[in-house]
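Since every read-out is calculated from the coordinates, none of them should be taken as a lab result. For clarity, every value in this text was computed on a predicted model and none was experimentally measured. All Cβ positions, even for glycine, are placed from backbone atoms using ideal geometry, and neighbour counts span all protein chains on display.
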Amino acid sequence: MPQASSKHIRFKGRSFPVLTLEPEQPLEGWFEQLDGLLTQSPAFFSRKSIVIDVAKLTLEQSELGELLENIGRRGIRIMGLSGVDPSWACDALPPILAGGRATPQPPSEADATPAKDASSGTLTPSEESAFKDIANALGVSGSPGGVASAMPPAPSAAPLILLEPVRSGQSIYHPEGDVTVIGSVASGAEIMAGGSVHIYGTLRGRAMAGAYGEKRARIFCRRLEAELLSVCGVYLTAEEISANVQSQSIQAWLENETVKIARLD
């Protein structure tokens with residue numbers, strides 16, 4: 001008789017990038033901010049891997065269940081939980097994750113040079129030259145008034161280049177490097193990059209740069225009409241974006257835990 005072939009189920013350990021939500025006290029204020037974000041961008045967390053890190057909170061196990069229920073009611077699917085005692089593991093809670101590490105970051109620009117006032121418009125000759133290189137790459141012209149620093153971060157991996165516009169409802173994820181769109185990003189569309197985001201047309205949807213911890217990441221677009229901008233998890237909704245940069249060629253970057261926006265022309 002022919003020998004029956006053996007079959008095996010293979011198990012392998014792998015790591016994947018996820019987004020981590022870190023609730024903070026007071027929880028009422030944190031939920032207000034969360035609801036404000038979801039009002040502006042209802043699909044912000046859709047189809048994403050979300051882990052809830054409660055290390056900043058002091059909660060009883062019963063309170064933890066209530067917190068997760070409140071988050072879940074907002075349409076956020078929770079794939080894991082961190083920052084709690086592993087002994088709390090039970091069927092009523094998401095899997096408890098341990099040993100997670102934030103994305104490693106190189107020294108930031110702020111560590112290398114003193115921060116400049118974004119409204120001062122004062123740049124060194126080398127910074128002005130770098131600004132012009134970026135402006136030329138985007139196909140715009142003008143002076144660098146109001147730009148704190150135009151030095152782009154070095155890409156950490158091969159970029160993703162999209163030769164067609166991103167349509168409404170599309171979500172583009174590229175956690176390893178920059179994303180470049182040769183066209184526009186429609187309202188209801190989303191770009192999420194581990195590095196910087198470059199859009200050679202109109203940005204009407206959502207753009208998230210440095211989504212996995214790269215603080216040097218930036219957003220560049222030829223025409224800003226965005227629903228949301230985010231750099232390293234710090235975001236601005238459409239209502240928070242200043243009118244003087246709307247419909248303009250801009251760059252956005254993170255400075256002192258605040259998203260700054262400056263015109264490129």
Long-range alpha-carbon pairs in the range 19-88, meaning those over 14 Å apart, account in percent for 60 percent
Taking a crude spin-label model, label points 7 Å out from Cα along the C-beta direction, the Gln170 to Trp88 distance in nm is 4.1 nm
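Could you order peptides 80-92, 193-205 by the average number of other Cβ atoms within 10 Å of their residues, highest first? Mind showing how you got there, number by number?
Values: 80-92: 13.1, 193-205: 24.5.
Highest mean packing first, the order is 193-205, 80-92.
If contacts are Cα pairs under 8 angstrom and at least 6 residues apart, what is the relative contact order of the range 19-88 in percent?
On the way: 67 pairs, mean separation 28.1, N = 70.
The normalised contact order for the range 19-88 reaches 40 percent.
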Here the residues of the range 64-93 lying in the modelled label zone of Ile50, meaning backbone nitrogen under 11 Å from a point 7 Å along Cα-to-Cβ, are 68-80
